[in-house]
Each structure stands twice: as C-alpha cells, then as structure tokens.
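*Asks:* First the structure, then my questions, so here it is.
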Amino acid sequence: MRIGITCYPTYGGSGVVATELGIELAALGHEVHFISYSQPFRLSGRDDGIFYHEVPVSSYPLFEFPPYDLALASRMAEVAEFNQLDLLHVHYAIPHSVSALLARQMLAGGGRRLPFVTTLHGTDITLVGLDRCYLPIIRYAIQESDGVTSISNYLMEKTITGFDVTREIEVIPNFVNCDVYAPIKDEAKRAEARKRLAAPGDAILMHLSNFRPVKRVVDVVKIFALVARELPAQLIMVGDGPDRSAAEWLAHDLGIHARVHFVGKLERVNELLPLADLLLMPSELESFGLAALEAMACKVPSIGTRVGGVPELIDDGVTGLLYPVGDVEAMALGALELLRDRERLNAMRDAGRKTAQKRFCSSLVVPHYVRYYESVLEKAG
C-alpha cells in the first residue's frame, strides 16, 4: 500500500508512535509518505520506502495565526494525487482529522476517493477536544473518518461518552519494537555502561516525557528527593518542555541538583532506558503510557499512577506499581521497597519484558494496523 501519515513531529507519544509505525510499515514493504510541518524527530536518515513532504505555511501579515490546517489539507491532497496514495493515516485529531476530511473532499471533486484513518492518542480527546470551541468540529471529523482507532479501551470509552460518538472505534494499542527496546543481557556490560550515569552501587531512576503539566515532572523530583534521602541514587530526566524550569528550580531548592541530570531530548532512548532501575511516571493522566511500555521492554519497571489507560498496560504489583495521582510519599516508598528487594525487582523486570513481548511488540500490533487499513479500503470501494 501507499500510505500518507500525518503527526505532530515534536517530542510526544503520538508523534513517536506515528513515526515508528511508518518505519515498521516501510520495513514490511509498504510505501510511506510523512506529511507535516517538519520532519518527525525519530525519522532519521532515508529509509527505503519512506518519504517526507513538508507543509509550507504562509506568513502573510494579515494572518495573526497562520492557517496550518488549511495548508496541511492542501498538501495532503497534492501528495495523495502526485504519489497515488491509497489512504491517509492521521495521528491526533486536532487539526489533522479535519485537514484529512478537507483533502478527501477536495479530491472527491475530481472523482478520486481518498479514505483516511484517524488515530486518537489522548489529550486530543481528554483535554483539548472537550473544549467547547473544538468539540463540534472534532466530533464531526471523527464521525466522518473512514476508520477510527484508539490506543486504549479507556480512550475509546472516553471518546464515545464525551463526544457522543456513534461510530465504531477499533482499539489498537501502542507498540514497541522488542528488538530495538531490549535489555542488556550481559550484566557486566550493563554495569560498565551504568558508570556513565552513576557511581557503582547507586540506583538509577529515570523519567521520560515532554515535560508538560500533565506529566507532573515536579512530582518526579519530589519522589526522587525522598528516595535519595534513604539511598545513594541518581535521577535522569529525558525530554524537555514547559515544566523543565520548575523541576530544575525544585532540585536546587531541595539540594539534590547534583544528582538530578536533565539530558534534554534524545533520539536513541533505547540505549539509555536499559541502564535504569526504575522509571518514574507520576502523570495526571495517560491514555496509554508509551514511556512505561518502552521501559518494560527494556526490563525496567515503572512507578506510575492509576489513571486512564495505564492499568491496561501495567499490572499493579506484577509489572510495576500504581498509586493515586499526587501521592509522592507512597510512590517514593514503593520505589525504595523495590530497590531494597532485588529479588522482587528482578521478578518485576522479567514480568515486564514478557508482557511487552506477548502483547505489545510491533510484530504483533503493526499487522493489526495493516488489516485495519485493508478493511477500510475494502469498505471505501
């Protein structure tokens, strides 16, 4: 198939999943065309079967806010026409599904049918989409999509109830390449690599996100401060975003800044994750929790919150530990208990890896997307 993919190219779960999906589809022999305002950050090099099309946006002084959604719709139609795309797959409803709908209508005028699939990722539904000024148009775009998928049962149910959606939504979970995200089997090599981050014997805790308020990165620092009071430990903060400054100031105020390392955005997090003992994910809301899945595949359990779709991924007490939002004391205590009980920690590490392999490997999930595309194309005629 020839598939057009649109996503936000910045550091975030929806862009990561969309990019990884495109890479996996290309590896299966499909032709993938990314259409966005800049190249997705995880799209490196020129993989066979992958093409990138930039969306130019006018800077005409009359426009206080450049009309990206219209420019995107026009570019989608052009790319589909010039490259004979079979369908579009848009990730994150706002504004991508609306732009895809416009592109489909533009091409229909010339007698060409261009089906599109919308994948709902989370805050496009739970936060932004429920804003009254966006709700009617997003509901319409979802209803008019040729196919709609959701990354968790939680998000599917939230969409149906919040938007009064009557159409069928297919649940296809996020995935991870279990060959790329994998533990370091040689413990001696792992111990040697950990020396780049911490002294021998130090625990390594990690956090990975786009540092938006919903990720509660300040809570990450608070949890670590309580852990570091009891055990020698280092905290690696991967990512960047609006709450980074607040987290940095708190680390300084608590006197732990020398043990908290902000490393910014990294493309190859798969090389860093296996070095951690625990991942901290105290989010206000997660519709899935991709960072936790990537960590699980690397044999790193998560300390997370019992929200959204997280319980569909993490089996509390088996592959990680879940707590109420904001309960930093309980999360710190849970982390300390695991770090002090290596037998339990190792059992949790093994269980997480097995869960990733059995349920969330790209080799299992990507074919689900392919079958879904085929059903959409069949219905579109």
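The values are calculated or read from the model by the stated rules, or taken from the named source; none is laboratory data. Quantities reported herein were computed from a predicted structural model and do not represent experimental measurements. FYI the Cβ positions are ideal-geometry reconstructions off the backbone, even for glycines, and counts take in every protein chain you see.
*Asks:* Does any residue of the range 185-198 turn out to be more than 27 Å from CYS361 (Cβ to Cβ) and among the acidic types (Asp, Glu)?
*Replies:* Scanning the range 185-198, I find at least one residue that is more than 27 Å from CYS361 (Cβ to Cβ) and among the acidic types (Asp, Glu), so the answer is yes.
Condition check ((1) surrounded by fewer than 21 Cβ atoms within 10 Å (Cβ to Cβ); (2) in contact with a helix residue (DSSP H, G or I) (Cβ under 9 Å, 6 or more places away or on another chain); (3) among the charged types (D, E, K, R); (4) within 18 Å of ALA203 (Cβ to Cβ)) across all residues:
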position: LEU293; (1), (2), (3), (4): no, yes, no, no
position: LYS299; (1), (2), (3), (4): no, yes, yes, yes
position: ILE303; (1), (2), (3), (4): no, yes, no, yes
position: GLY320; (1), (2), (3), (4): no, yes, no, yes
position: ARG342; (1), (2), (3), (4): yes, no, yes, yes
position: MET348; (1), (2), (3), (4): no, yes, no, yes
position: GLN357; (1), (2), (3), (4): yes, yes, no, no
position: SER375; (1), (2), (3), (4): yes, no, no, no
position: GLU378; (1), (2), (3), (4): yes, no, yes, no
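Here's the yes/no breakdown for (1) touching a strand residue (DSSP E or B) at 6+ places or on another chain (Cβ under 8 Å); (2) within 20 Å of VAL376 (Cα to Cα); (3) modelled with pLDDT of 90 or more:
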position: HIS33; (1), (2), (3): yes, yes, yes
position: GLN39; (1), (2), (3): yes, no, no
position: HIS53; (1), (2), (3): yes, no, yes
position: PHE65; (1), (2), (3): no, no, no
position: TYR68; (1), (2), (3): no, no, no
position: ALA77; (1), (2), (3): no, yes, yes
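A quick yes/no check of all residues on (1) closer than 16 Å to LEU336 by Cα; (2) in the same structural domain as GLY352 (by TED's automatic domain parsing); (3) in contact with an Asp or Glu (Cβ under 8 Å, 6 or more places away or on another chain):
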site: ALA191; (1), (2), (3): no, yes, no
site: ARG229; (1), (2), (3): yes, yes, no
site: VAL238; (1), (2), (3): no, yes, no
site: SER245; (1), (2), (3): no, yes, no
site: GLY264; (1), (2), (3): no, yes, yes
site: LEU272; (1), (2), (3): no, yes, no
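*Asks:* Applying the selection to the range 35-54, what residues are crowded, with 21+ Cβ neighbours inside 10 Å, closer than 18 Å to PRO95 by Cα and out of contact with any Gly (no Cβ under 6 Å at 6 or more places or on another chain)?
*Replies:* We begin by selecting, within the range 35-54, every residue crowded, with 21+ Cβ neighbours inside 10 Å; these are 35-36, 40, 43.
Filter once more, so that each one left must be closer than 18 Å to PRO95 by Cα: 35-36, 40.
The answer is SER36, and nothing else.
*Asks:* Could I ask something else about it? Are any residues in the range 195-221 in contact (Cβ under 8 Å) with a residue 40 or more places away in the chain, out of contact with any strand residue (DSSP E or B) (no Cβ under 6 Å at 6 or more places or on another chain) and surrounded by 22 or more Cβ atoms within 10 Å (Cβ to Cβ), and if so, which ones?
*Replies:* ARG216, ASP219, listed by residue number.
*Asks:* So, restricting to helices (runs of 4 or more DSSP H) that lie completely within the range 313-381, which ones have at least 1 residues that are in the same structural domain as ILE204 (by TED's automatic domain parsing), under 15 Å from ALA292 (Cα atoms) and not hydrophobic (A, V, I, L, M, F, W, C)? Show your work before the answer.
*Replies:* Working: elements: 328-340, 342-355, 362-380.
So the answer is 342-355.
*Asks:* From (1) assigned to a loop (DSSP other than H, G, I, E, B); (2) surrounded by fewer than 16 Cβ atoms within 10 Å (Cβ to Cβ); (3) over 25 Å from the mean Cα position of the chain (by Cα), pick out the condition that doesn't hold for LEU114.
*Replies:* So the condition that LEU114 fails would be (2).
*Asks:* Check GLU192, GLU248 and return the single one that is surrounded by fewer than 24 Cβ atoms within 10 Å (Cβ to Cβ), out of contact with any helix residue (DSSP H, G or I) (no Cβ under 9 Å at 6 or more places or on another chain) and assigned to a helix (DSSP H, G or I). Break it down into steps so the answer makes sense when it comes.
*Replies:* Working: GLU248 fails: out of contact with any helix residue (DSSP H, G or I) (no Cβ under 9 Å at 6 or more places or on another chain).
That would be GLU192, the only listed residue that is surrounded by fewer than 24 Cβ atoms within 10 Å (Cβ to Cβ), out of contact with any helix residue (DSSP H, G or I) (no Cβ under 9 Å at 6 or more places or on another chain) and assigned to a helix (DSSP H, G or I).
*Asks:* Right, here's the next one. Could you list, in sequence order, all residues of the range 288-313 that are of a type outside the set (A, V, I, L, M) and touching a strand residue (DSSP E or B) at 6+ places or on another chain (Cβ under 8 Å)? Working first, answer last.
*Replies:* If we filter the range 288-313 for residues that are of a type outside the set (A, V, I, L, M), which is where we start, we get 288-289, 294, 298-299, 301-302, 304-306, 308-309, 311-312.
Answer for the range 288-313, where residues must be of a type outside the set (A, V, I, L, M) and touching a strand residue (DSSP E or B) at 6+ places or on another chain (Cβ under 8 Å): GLY289, GLU294, PRO301, SER302, GLY304, THR305, ARG306, PRO311.
*Asks:* So in the range 251-283, with the set limited to residues that are among the acidic types (Asp, Glu) and at pLDDT below 95, which one is surrounded by the fewest Cβ atoms within 10 Å (Cβ to Cβ)? Please lay out each step first, then the result.
*Replies:* Filtering the range 251-283 down to residues among the acidic types (Asp, Glu) leaves 253, 267, 271, 277.
If we keep only those that are at pLDDT below 95 as well, we get 267, 271.
On the way: GLU267: 11, GLU271: 14.
Among residues in the range 251-283 that are among the acidic types (Asp, Glu) and at pLDDT below 95, the one surrounded by the fewest Cβ atoms within 10 Å (Cβ to Cβ) is GLU267.
*Asks:* Just one of (1) of a type in the set (A, V, I, L, M); (2) surrounded by 22 or more Cβ atoms within 10 Å (Cβ to Cβ); (3) touching a Pro at 6+ places or on another chain (Cβ under 6 Å) trips up VAL57, so point out which.
*Replies:* (2)
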